[in-house]
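The values are calculated or read from the model by the stated rules, or taken from the named source; none is laboratory data. Since this is a predicted model, take the numbers as computed values, not measurements. Because the Cβ atoms are built from the backbone with ideal geometry, glycine has one as well, and the counts that use them run over all protein chains shown. Accessible surface areas use protein heavy atoms only, side chains included; no ligands, DNA or RNA. Shrake-Rupley method; radii C 1.70, N 1.55, O 1.52, S 1.80 Å.
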Amino acid sequence: MKKLLENDITGSIGTQLYRCTIQWRNGQLVMDEPESLGGQDLGPDPYTTLLASLAGCTLSTLRMYIDRKGWTIPEFSVTLNMEQEQTPALVTHISRTITFPEDVEAAIQQRLLVIAEKCPVSKILENNIVIHTKTT
């Protein structure tokens, strides 16, 4: 199998509850939990970061497609959230709403919804994920 990232992502935590530092190829990201959960809200929580990945991938994929088609859509946005239910297995539902300017035709919006489903992070989240964990 081929790795999707050039460099591994590395995370570390010290004694401060929930505050994690994530090292990525070009810098670092601080992750934390909100104060209501005992964190200090110094950065996004893991759920927010997961949804941010889907948001960024969705927006970038749509921008590439729109530009390739030569359509004039200067700005659009995506809103995400998620819920979980136990039925009896844990099921996570992610809601994704893409907002386009009013002048974008309904047929184009429908095509872009199909393209959004094809963004790489959507494909990862909608398929089987196997996590291999070890210690060193």
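Just a few scattered comments:
- Summing charges over all other residues whose Cβ lies under 15 Å from the Cβ of GLU75, with Lys and Arg as +1 and Asp and Glu as -1, gives -2.
- Using θ = phi - 60° in the Karplus curve 6.51 cos²θ - 1.76 cosθ + 1.60, the 3J(HN,Hα) couplings for segment 25-39 round to 3, 10, x, 9, 10, 9, 10, 7, 9, x, 4, 4, 10, x, x Hz; x is entered for Gly and Pro.
- Qualifying trypsin sites (Lys or Arg not before Pro) for segment 1-90 [loop in DSSP, other Cβ within 10 Å: at most 13]: LYS2, LYS3, ARG25
- Other residues within the sphere of radius under 14 Å centred on the Cβ of TYR18, judged by their own Cβ, net out at -4 (K and R +1, D and E -1).
- Lys pairs under 27 Å by Cα in the chain, provided they are eight or more residues apart or on distinct chains: 9
- On Cα atoms only, tilt of 46-69 relative to the major axis of the chain in degrees: 30 degrees
- Calculated from the structure at hand, semi-axes √(5λ) of the Cα gyration tensor in Å is found among (1) 23, 18, 12; (2) 31, 18, 18; (3) 20, 17, 14 as (2).
- Accessible surface of GLU35 - all protein chains present, 1.4 Å probe, nearest 10 Å²: 140 Å²
- Residues whose amide H comes within less than 5 Å of that of GLY39, counting only those at least five positions distant or on another chain, are GLU33 (H built at 1.01 Å from N in the peptide plane).
- With Cα atoms, 0 to 90° folded angle of helix 106-116 axis to the chain main axis: 30 degrees
- The charge dipole of segment 7-127, taken about its Cα centre with unit charges on the Cβ atoms of Lys, Arg (+1), Asp and Glu (-1) only, comes to about 580 debye.
- For VAL78, nonlocal amide neighbours, meaning residues 5 or more places apart or on other chains whose placed amide H falls under 5 Å from its own, are THR99.
- Accessible surface, the chain, averaged per residue in Å² (probe 1.4 Å): 78 Å²
- Highest-fluctuation residue, GLN40, GLN28, GLN86 considered, GNM on the chain with Cα pairs under 10 Å: GLN86
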